[in-house]
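The values are calculated or read from the model by the stated rules, or taken from the named source; none is laboratory data. This one's a predicted model, so the numbers in the text were calculated from it and none came from an experiment. Note: ideal-geometry Cβ built from the backbone for every residue, glycine included; neighbour counts use all protein chains shown. To get the accessible areas, we keep the full protein, side chains included, count just its heavy atoms, and leave off ligands, DNA and RNA. Shrake-Rupley method; radii C 1.70, N 1.55, O 1.52, S 1.80 Å.
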Amino acid sequence: MLLVSNETVMPLHGAALKAELALSGRPVDSFVLPDGEAHKNWQSLQSLLEFWAEAGADRHSVVLAFGGGVVGDLAGCAAALFMRGLRFIQIPTTLLAQVDSSVGGKTGINLPQGKNLVGSFHQPIAVWADQGLLRTLPEREFSAGLAEVIKYGPIADSEFFSWLEGAMPALRQRDSETLALAVRRSCEIKAAVVGADEREGGVRAILNFGHTFGHALEAGLGYGRLLHGEAVALGMVMAAELSHRHLGTDPALVSRLQALLRVAGLPIRAPRMDPALFMQLMRGDKKSVSGMVRYVLIPAIGQAELVAAPDEMALACVAAHSE
Ligand code: NAD
Ligand code: MG
């Protein structure tokens with residue numbers, strides 16, 4: 001077995017995992033990456049592949065990705081490449097990885113030119129999401145993961161959205177049973193959407209609710225200022241506002257979303273950004289066609305659509321929810 005983790009997760013949870021793996025009697029070769037998105041790169045990929053070759057890995061080896069989305073994306077990418085593909089298992093240790101990145105089969109690394117530019121679709125044979133692992137996650141990372149959980153309500157399940165409104169205090173206490181329910185429903189929704197459109201030809205794009213505005217905020221303010229989930233939280237408020245103004249959606253979507261995000265420990269007012277830059281960054285988004293930017297909008301809670309909207313209207317929504 002080929003265990004891949006990082007220098008933060010391994011000291012916290014490595015011994016417990018290794019004790020479990022020892023029961024299988026199979027040898028474990030561990031590769032420990034430095035922590036951080038900056039290491040989701042060629043150099044780490046190369047070192048990992050060479051380590052496996054050196055350790056005598058073969059087609060029967062199974063890769064275990066033990067960490068957050070960075071470890072999962074990189075280890076999955078290496079698994080897809082080594083000897084043209086090894087089986088791999090995701091053991092996600094962040095909330096974001098448990099509800100999002102470990103499911104769906106996207107793997108990859110970043111280039112200096114942009115995020116996730118190299119990679120492969122390579123499905124894990126299993127995902128083992130243990131909510132006990134989340135107890136050591138820093139508060140801010142945990143809240144950022146909650147943004148992706150909240151996302152699934154508006155796009156796919158109005159009952160889940162209502163359930164989250166009641167369950168949020170328990171989730172923030174990291175109550176294992178409540179967390180397990182939230183993770184399970186999130187994975188069911190993601191799996192159903194990905195199952196219908198694995199290679200993102202159409203409906204998979206709805207998983208990007210809040211992400212068009214969010215990516216512009218992340219890039220415009222400089223990566224590292226906002227966590228991805230925080231930018232998505234702000235982006236969802238803006239996209240909800242645009243749904244109201246453009247599609248006539250009940251404005252309760254905006255107020256309920258804001259209230260839920262606040263209880264989840266997430267920001268709901270964005271730092272101010274230059275509108276021209278904001279629009280330019282959104283235009284670079286993969287979803288735009290022939291000039292008009294398309295957004296994931298919510299005609300009614302539990303439904304999502306890709307809709308083009310005029311720039312002035314989108315920017316008015318940004319302004320309405322910025323400082
Ligand atoms: P991350 O992997 O960087 O983890 C966040 C931080 O938490 C890191 O410092 C990590 O070491 C630490 N950590 C992890 N588990 C911990 C634990 N149990 N206790 C304490 N600390 C812990 O970030 P992330 O938010 O998990 O993932 C972000 C990455 O996921 C990005 O690279 C993004 O591109 C990718 N992603 C991929 C997909 C996909 O479909 N493949 C989807 C969404 C995001
Ligand atoms: Mg996301």
Under the Karplus curve 6.51 cos²θ - 1.76 cosθ + 1.60, θ = phi - 60°, whole-Hz ³J(HN,Hα) for segment 257-264, x wherever Gly or Pro sits: 4, 4, 5, 5, 5, 4, 5, 7
Probe 1.4 Å - accessible area at Ser5, Å² to nearest ten: 0 Å²
Å² of accessible area per residue within segment 210-323, as computed with a 1.4 Å probe and no ligands counted: 41 Å²
Heavy-atom accessible surface of the chain: percent carbon and sulfur, 1.4 Å: 54 percent
Accessible area expressed per residue, segment 1-74, with surrounding protein chains retained (probe 1.4 Å, Å²): 49 Å²
Residue-span extension gain [Met1 to Ser158] - 0.36 nm each, minus C-alpha spacing: 52.4 nm
Förster-model FRET efficiency, 56 Å R0, Ser176 and Glu312, C-beta, rounded to 0.05: 0.75
For Val62, residues with placed amide H under 5 Å, excluding near neighbours: Leu2
Prolate/oblate/rounded label for segment 263-323 (Cα gyration tensor, a/c 1.5): oblate
Euclidean distance of C-alpha centroids, segment 1-75 and segment 138-212, integer Å: 27 Å
Extension gain, Glu37 back to Ala319 (0.36 nm per residue minus Cα-Cα distance, nm): 98.5 nm
Relative contact order (%) - criterion: Cα under 8 Å, at least six apart; region: the chain: 14 percent
Solvent-accessible heavy-atom area per residue, rounded to whole Å², over segment 107-196 at 1.4 Å: 46 Å²
Gyration tensor (alpha-carbon) shape descriptor, the chain, a/c threshold 1.5: prolate
Cα-projected label distance for Val62 with Arg84, points at 7 Å along beta-carbon direction, nm: 2.3 nm
Solvent exposure ordering (accessible area, 1.4 Å, most first) of Trp128, Trp163: Trp128, Trp163
Estimated 222 nm signal from helices in the chain, with DSSP H stretches of n ≥ 4 weighted -39500 (n - 2.57), rounded to 500: -15500 deg cm²/dmol
Length added when fully stretched, Thr136-Val203, from 0.36 nm per residue minus Cα-Cα: 20.7 nm
Cα gyration tensor, segment 116-253 - rounded (a/c under 1.5), prolate or oblate: rounded
